[in-house]
Amino acid sequence: MPGAESCVTAQDLARDVNARLGRDIFVAVTQADVSVEGHIEARRGGGWRAVIVLRDAHGATLGTRELERTDASCATLREPLALVIAVMLDPDASLRPPPADSAPPPPTAPSPTPPSPPPPIVIEKEVPVLVPAPGPPVTVASPPAPTWRLDAGASFTAGFGLLPSPAIGGYAGGLIEPPGLFPLEAFGIAWLDAAVSQSGASGTFSLDMVGAGLCPLHVENGYFRAYGCADGEIGLLTGRVTGQPIDQELLVAGALEGRASVHVAGPFALRIGASLVFPVTRHDFAGGGTGGSVFQIPVVASTVDVGTGVLFP
């Protein structure tokens, strides 16, 4: 929880519990009989509160412990937490002496003023714990390893400004999120031909594009993912104007994109996207025999798309 980052890591707490039980009990999730979950949070008025939950392999709650500490530093919760978890897994753990590295120092000469006792541990609520019958060693799930994530799909798209008239096309692409890094995006768009009649000339224009980018803005919960991306795009714009040879030009542009995916069922999701496109190359297509301009790429264009996709995991 916020503010509790310096209390104790899951790895350090696991080592403390192993030391108290005298054996290693933490294994992979697929091999675990029970699992221990918990969190630490700051209390109103100062101090810290820890909640520990013991669950079986099917996710059913076997027992709960809540501890409070009035110290300014939550690091003092480390030893009590290790003891409580050890007792939840093995009731006989309370009868064993603490690990050697946590034993109190040898007594020193008495001082005129005895040291103040440590703040007491306050157990706010205690719920009976169901402990497995004696048998094979209890195994506890270790934290899951980071995984790669995917959000991909296909959409119908509409564009304004990239072709002489509003155009429609097909979009296919996705985002991949490596562990610990920003999501990366790649996509392609094929636009249907757009007709034009300007300056006494007529014709059609077509455009195919590909793009890629980085999405530093990323928000999600269990049912929703949203991204803010900066993309680079490149495409081939072809003009077929009556009385003029076919004119093909390279379109290079940058874009700012917003995209969202809403979970529907299983891995399937509804995907929505919108972008502002800023062309770097702005070719002017001339009309046949008139010298006038038939179409010039504007300073800013836009696209929107709606479709379906999949989310993993």
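Values quoted throughout were computed directly from the atomic coordinates according to the rules given, and no laboratory measurement underlies them. Fair warning: this is a prediction, and the values are worked out from it, not measured in the lab. Virtual Cβ from ideal backbone geometry, glycine too; neighbours counted across all protein chains shown.
Using the Cα coordinates of the range 179-313, the gyration tensor eigenvalues translate into equivalent-ellipsoid semi-axes of 37, 15, 11 Å, sorted from longest to shortest. In this label model, GLN248 and PHE160 are separated by 3.1 nm, measuring between points 7 Å along each Cα→Cβ vector. Taken along the Cα-to-beta-carbon direction at a fixed 7 Å, the label points for PHE312 and TYR223 span 2.5 nm. Couplings for the range 246-258, taken from phi via the Karplus curve 6.51 cos²θ - 1.76 cosθ + 1.60 with θ = phi - 60°, read 4, 10, 10, 10, 7, 9, 10, 8, x, 8, 10, 10, x Hz in order; Gly and Pro are left as x. Across the range 168-181, coupling constants 3J(HN,Hα) worked out from phi with the 6.51/-1.76/1.60 Karplus curve, θ = phi - 60°, read 10, x, x, 10, 9, x, x, 10, 10, 10, x, x, x, 10 Hz, and Gly and Pro carry x.
Evaluating 6.51 cos²θ - 1.76 cosθ + 1.60 at θ = phi - 60° for every residue in the range 204-221, the Karplus couplings come out as 9, 10, 10, 8, 10, 9, 9, x, 7, x, 10, 10, x, 9, 8, 10, 7, 9 Hz, glycine and proline recorded as x.
Of the chymotrypsin sites (Phe, Trp or Tyr not before Pro) in the range 155-259, the ones in a loop by DSSP (not H, G, I, E or B) with at most 12 other beta carbons within 10 Å are TYR223. Extension gain for LEU236 to ASP56 (0.36 nm times residue separation, less C-alpha to C-alpha distance): 58.9 nm. For the range 200-313, a simple Cβ point-charge model (Lys and Arg +1, Asp and Glu -1, everything else neutral) yields a dipole of about 200 debye relative to the Cα centre. Placing a pseudo-label 7 Å from each Cα along the Cα-to-Cβ vector at PHE268 and ASP24 gives an inter-label distance of 4.5 nm.
Take every pair of alpha-carbon atoms less than 8 Å apart whose residues are at least six positions apart; their mean separation over the length of the range 149-312 yields a relative contact order of 24 percent. The amide H of VAL34, built 1.01 Å from its N in the peptide plane, has THR139, ALA141 as neighbours under 5 Å, considering only residues 5 or more places off or on other chains.
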